[in-house]
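Participant: Quick one: structure below, then a few questions.
Laboratory data are not the source of any read-out in this text; all were calculated from the coordinates shown. In this text, all values refer to a predicted model and were calculated from it rather than measured experimentally. Note: ideal-geometry Cβ built from the backbone for every residue, glycine included; neighbour counts use all protein chains shown.
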Amino acid sequence: MATQTITMEPLSARIPSDLYLWLAQLQVDGATTNSDKLRVLLGQLKRQHDGAFDYVAAHGWARELTHRLREALVRIEGSEGQHSEVLNLLVEQVTTLMALVISSAPQTAADAVKLEDALVRRAALLSESLLRQATTSAAHAFDPEVVRRHLGATVEIASTLNVPNTAKGA
């Protein structure tokens, strides 16, 4: 089994004092020194750059961006015993939507059609999930009324649609 050896290369730069003070005070997970912080931040920047070309990398980066929120929600659940399926599904769908948008640069109309289809499919999944939460008197959310309070107009509009049955044999 071959292992890849990572060598460390020195880097020297002069930066404005306000950026230096910001970096010195910045809390970065897994980094204590300014050198550690630069390594972590450059790694994040590389993942951001790679994400601009690859959906999986973009999804990982979007999850990384929402890490603080996810961690805070887990903390609330642990300390207060409250959980929100609504908030978790929103965060998941927004993460996926961000990844699709970040990683896409359609070159042709056919590419744009594929992107449009993927985004509408994800938005429809989000709507469907929220509508499911509205089928009971109280959504599984921090605020049990949040879904019904905001989906009234959506339900009204949806009830006016005459969607043709696309099932085979129908």
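Participant: Say we join alpha carbon atoms closer than 10 Å with springs in a Gaussian network model of the chain; which of Ala105, Ala13, Ala24 then has the biggest fluctuation?
Facilitator: With Cα springs under 10 Å in the chain, the top fluctuation among Ala105, Ala13, Ala24 is at Ala13.
Participant: Still on this structure, please answer the following. Spelling out what I want: for every residue of segment 10-21, take phi, set θ = phi - 60°, compute 6.51 cos²θ - 1.76 cosθ + 1.60 (Karplus), and round to whole Hz; glycine and proline get x.
Facilitator: Using θ = phi - 60°, the values come out as x, 9, 10, 8, 9, 10, x, 4, 5, 5, 4, 5 Hz.
Participant: If you don't mind, another one. Can you give the longest stretch of the chain with no exposed loop site, where a site means trypsin sites (Lys or Arg not before Pro) in a DSSP loop (not H, G, I, E or B) with at most 12 other C-beta atoms within 10 Å?
Facilitator: After excluding every exposed loop site, the longest remaining stretch is 15-167.
Participant: Could I ask something else about it? Mind telling me which of Leu89, Leu23, Leu41 comes out most flexible in a GNM of the chain, alpha-carbon contacts under 10 Å?
Facilitator: Result for the chain, Cα springs under 10 Å: Leu23 fluctuates most.
Participant: Give me the one-decimal nm value for the distance between modelled label points at Leu115 and Asp50, 7 Å along each residue's Cα-to-Cβ direction.
Facilitator: Each label point is offset 7 Å from its Cα along the Cβ direction, giving 2.2 nm.
Participant: What is the diffusion coefficient of the chain in µm²/s, taking the Kirkwood radius over Cα pairs and the Stokes-Einstein relation at 20 °C with a viscosity of 1.002 mPa s?
Facilitator: The estimated diffusion coefficient comes to 106 µm²/s.
Participant: Additional query: Gaussian network model of the chain, Cα springs within a sub-10 Å range: biggest mean-square fluctuation belongs to which of Pro144, Pro16, Pro106?
Facilitator: Pro16
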